[in-house]
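The values are calculated or read from the model by the stated rules, or taken from the named source; none is laboratory data. In this text, all values refer to a predicted model and were calculated from it rather than measured experimentally. No Cβ is skipped: glycine too gets one built from the backbone with ideal geometry, and neighbour counts run over all protein chains shown. Just so you know, the surface numbers come from the protein's heavy atoms only, side chains and all, with ligands and any DNA or RNA stripped out. Shrake-Rupley method; radii C 1.70, N 1.55, O 1.52, S 1.80 Å.
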Amino acid sequence: MSTAKNNPADGAGIGLENVRFAYPGGTAMNFNLTLAASDIVAVMGPSGSGKSTLLSLIAGFETPASGHIRIGGADVASLAPHRRPVSMVFQENNLFSHLTVAQNVGLGRSTSLRLTEEDREAVSKALRRTGLAGKETRLPQALSGGERQRVALARVLIRKQPVLLLDEPFASLGPALRDEMLDLIAALHEEQAMTTLMATHDPRDAERLCRTMVFIEAGTVAGFGPASEFLAGNGSEAFNRYIGGRREKR
């Protein structure tokens, strides 16, 4: 996969150093992880292991009790989510039901939707790029699940942030549509080279898209390395048990 050149969205390296976090009454988590700029990473692990928490800590939706979170070398642990150079796509799309497709995408440029002509052109270009041209005035409830995810990705495109986080974004989609969306993520990554982390339970997602594997178990990084090696059976015993169970469900 090639890397985009001289693009403001080119990826930034990510580093977590002794990042400690716990939900009230929950298991203590401690993350240490270093990811190269523009890498595309699968985050896998059992339900409740901490995959979504890891992404939320990077995005700023959760605050660590201690430790450092660095993006592009800058410690962002104390920054609010909107001040971090991060875009995030959730399983539930995070769209506003009362806003049109174009307005939902436009939020990526202005939360007040006071868009300049340049902003409006960026929205139109992003909608064309994600196959949504002609659907600008539709509301989210008039779209299919795949189309709603395309709206979320179009919003990512116009934000042009160097880090993209995907929290099981295609879990509710059928196999054919899921593959189509993974191909779109791959194309967007090739164009903008964002550092991309995708939490998933499905090894096919990692096989199709990702270069690096992060395996989360019991609130810590229990495995890290090339995704191809992990998926070939050369990961830890815990990962092999986990992936074996997932493959049996294919």
Enumeration of residues in region 44-90 that are closer than 14 Å to residue 29 by Cβ and part of a strand (DSSP E or B): 66, 67, 69
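So that you can scan it fast, the table gives a plain yes or no per residue for (1) open to solvent by 10 Å² or more (accessible area, probe 1.4 Å); (2) within 20 Å of residue 56 (Cα to Cα):
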| position | (1), (2) |
| --- | --- |
| 154 | no, no |
| 162 | yes, yes |
| 173 | yes, no |
| 182 | no, no |
| 187 | yes, no |
| 190 | yes, no |
| 195 | no, yes |
| 199 | no, yes |
| 203 | no, no |
Selected residue [out of contact with any helix residue (DSSP H, G or I) (no Cβ under 7 Å at 6 or more places or on another chain) and over 24 Å from residue 154 (Cβ atoms)] from 218, 206, 222: 218
Hey, residue 194 in contact with a Gly (Cβ under 7 Å, 6 or more places away or on another chain), closer than 26 Å to residue 74 by Cβ and either in the same structural domain as residue 22 (by the TED database) or free of Cβ contacts under 8 Å to residues at least 12 places away in the same chain (or both) or not: yes
In region 51-72, the residues that are hydrophobic (A, V, I, L, M, F, W, C) and open to solvent by 20 Å² or more (accessible area, probe 1.4 Å): 61, 65
Members of region 73-87 that are of a type outside the set (Lys, Arg) and open to solvent by less than 30 Å² (accessible area, probe 1.4 Å): 76, 77, 86, 87
Residue match in region 19-37 (condition: open to solvent by less than 50 Å² (accessible area, probe 1.4 Å), over 21 Å from residue 203 (Cα atoms) and β-branched (Val, Ile, Thr)): yes
Residues that are under 20 Å from residue 11 (Cβ atoms) and charged (D, E, K, R), drawn from region 57-103: 70, 75, 83, 84
